[in-house]
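S.K.: Below is the structure I would like to discuss, written out as structure tokens.
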There are 2 protein chains.
Amino acid sequence: MDRPTGFESRLGYRFKDRALLEAALTHRSAGSVHNERLEFLGDAVLGLIVATELYRRLPDASEGELSRFRASLVNGTMLGSVALELQLGDAIAMGSGELKSGGYRRSSILADAFEAVLGAVYLDSDLNACREVVRHCFGRRLETLPDPVSLIDPKTRLQEWLQSRQLRLPEYRLLSERGEPHERVFRVECRVLDLSIEAEAEASSRRKAQQAAASRILEQIES
Amino acid sequence: MDRPTGFESRLGYRFKDRALLEAALTHRSAGSVHNERLEFLGDAVLGLIVATELYRRLPDASEGELSRFRASLVNGTMLGSVALELQLGDAIAMGSGELKSGGYRRSSILADAFEAVLGAVYLDSDLNACREVVRHCFGRRLETLPDPVSLIDPKTRLQEWLQSRQLRLPEYRLLSERGEPHERVFRVECRVLDLSIEAEAEASSRRKAQQAAASRILEQIES
């Protein structure tokens, strides 16, 4: 019981029904009663809590901005870092194969487990208890929100910037495509005719290369 | 006040703060205080309520089944039909352009407004009040859930059926592609070698034609 209790104090919540906590901390590789159903529930709990926080904190944000803020808070990377702070990796039960997995795969298992824990808190108590846990675990992440404009992808941002000034849309052109099939490299050019600026960029897909080129144009515009 | 009151009785909820109800019933085409932010909130409220209902009603469903059930309940078509029963179209304020729009566009405006109304109930009261409204408005839709297998797309269903019997995967082949660019017709064949059955189907995309062909194979298998 020592380990879960340490986890509970980091979580800021003490379970009445410890079977719920145990299920939330069991990856499907480690038992028949595992955390996938709780993750389904916890994902919805987290979605509502973050939506409510953003709605209240940002009275002037549009629906589109609220959605982008939520996506910047509720995603694998962010939940993985929350799970890391909670030392969720020490508390979770996994099969031996999964225990060895590292990097992205492991981070995603921990992110899912954090959602499962929230689902378990919801069943053990109520939405308010979950809200406290989210505030406790997210901490400053909820306070220090990024500039909403920075959350829009560069291509869209460039397009909106030009349209708002009644300038022509940028032109993208594939300059070259090389490399083996499993590691293609695409080189793309982006030209903004009305400003006589252009930029090139390379990436592993045409779309990513276009985004990178648009990003370079934005840097030139903003500097 | 007559119209909103009629709407409230159909909704099964009486607002304390009538400004919230009014905002929820104002499309962005009709006013600066419109329902898009409330829709953002209501979408998350509905997501959690339906997730919780499904979690409790279906203790044996897997996470994948729960997700598919939720998608079958929370989508534009279903919400449009809920909104229609509520006569939401009579209660909502829209700009003159939107008033005339029919079909899918109108149904989607009403579906969004239903979510906004739920967001307004949540702010006016709490999650429990929203749960009552959802149960009231969804009614039997929450009770009579479809066969979970029918929610999986035919190609995946056929693949899973064959894999569970250790049979080889089906082969899809494009037989022909004809018609003008804006109305292409794709004819696809699906063959299940180990059962010596095959089926053909036509559709407006290769993917849809494959799905239709897989569906015909499933019919043959099931009959």
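S.K.: At residue B:165, with labels set 7 Å past Cα in the Cβ direction, how many nm apart are the copies from this one, shortest first?
M.R.: For residue B:165, the inter-copy label distances come out at 6.4 nm.
S.K.: Sticking with this one: For the protein assembly as shown, what value does the Rg/Rh ratio take when both radii are computed over Cα atoms and Rh is the Kirkwood radius, given to two decimals?
M.R.: That ratio is 1.00, to two decimals.
S.K.: Using every Cα-Cα pair within the range B:87-223, state what percent have a distance larger than 24 Å.
M.R.: 58
S.K.: Moving on to the next point. Along Cα→Cβ at 7 Å, what distances in nm separate the residue B:200 label point from those on the other copies, shortest first?
M.R.: So the distances to the same position in the other copies read 4.9 nm.
S.K.: Something else: Calculate how steeply helix A:36-57 sits against the longest principal axis of the alpha-carbon atoms of chain A, using the helix alpha-carbon long axis, and give the answer as 0 to 90 degrees to the nearest 10.
M.R.: 60
S.K.: Consider the operator that turns chain A into chain B: which A residue has a Cβ nearest its axis, and what is that gap in Å?
M.R.: A:48, 2
S.K.: Same structure again: Need one number: the % of Cα-Cα pairs in the range B:46-141 sitting beyond the 23 Å mark.
M.R.: Summing the P(r) of the range B:46-141 above 23 Å gives 30 percent of all pairs.
S.K.: Moving on to the next point. Using a Cα-Cα cut-off of under 14 Å, which aspartates and glutamates could be cross-linked to residue B:16, ignoring same-chain neighbours fewer than 8 residues away?
M.R.: B:8, B:124, B:126
S.K.: Tell me the distances, shortest first, between residue B:98 and the same position across the other copies, using label points 7 Å along Cα→Cβ, in nm to one decimal.
M.R.: 4.5
S.K.: How far is helix A:154-164 tilted, in degrees, relative to the longest principal axis of the Cα atoms in chain A, given as a value from 0 to 90 rounded to the nearest 10?
M.R.: Computed tilt is about 50 degrees.
S.K.: Between A:14, A:165, A:68, where does the largest GNM mean-square fluctuation fall for chain A, given springs only between Cα atoms within less than 10 Å?
M.R.: A:165
S.K.: Take the alpha carbon atoms of the range A:154-222, find their radius of gyration, then divide it by 2.2 N^0.38 Å using N residues; give the quotient.
M.R.: 1.13
No lab work stands behind these numbers, since they all come straight from the coordinates. This is a predicted model, so every value here is computed, not measured. Cβ atoms come from the backbone with ideal geometry, glycine included; neighbour counts cover every protein chain shown.
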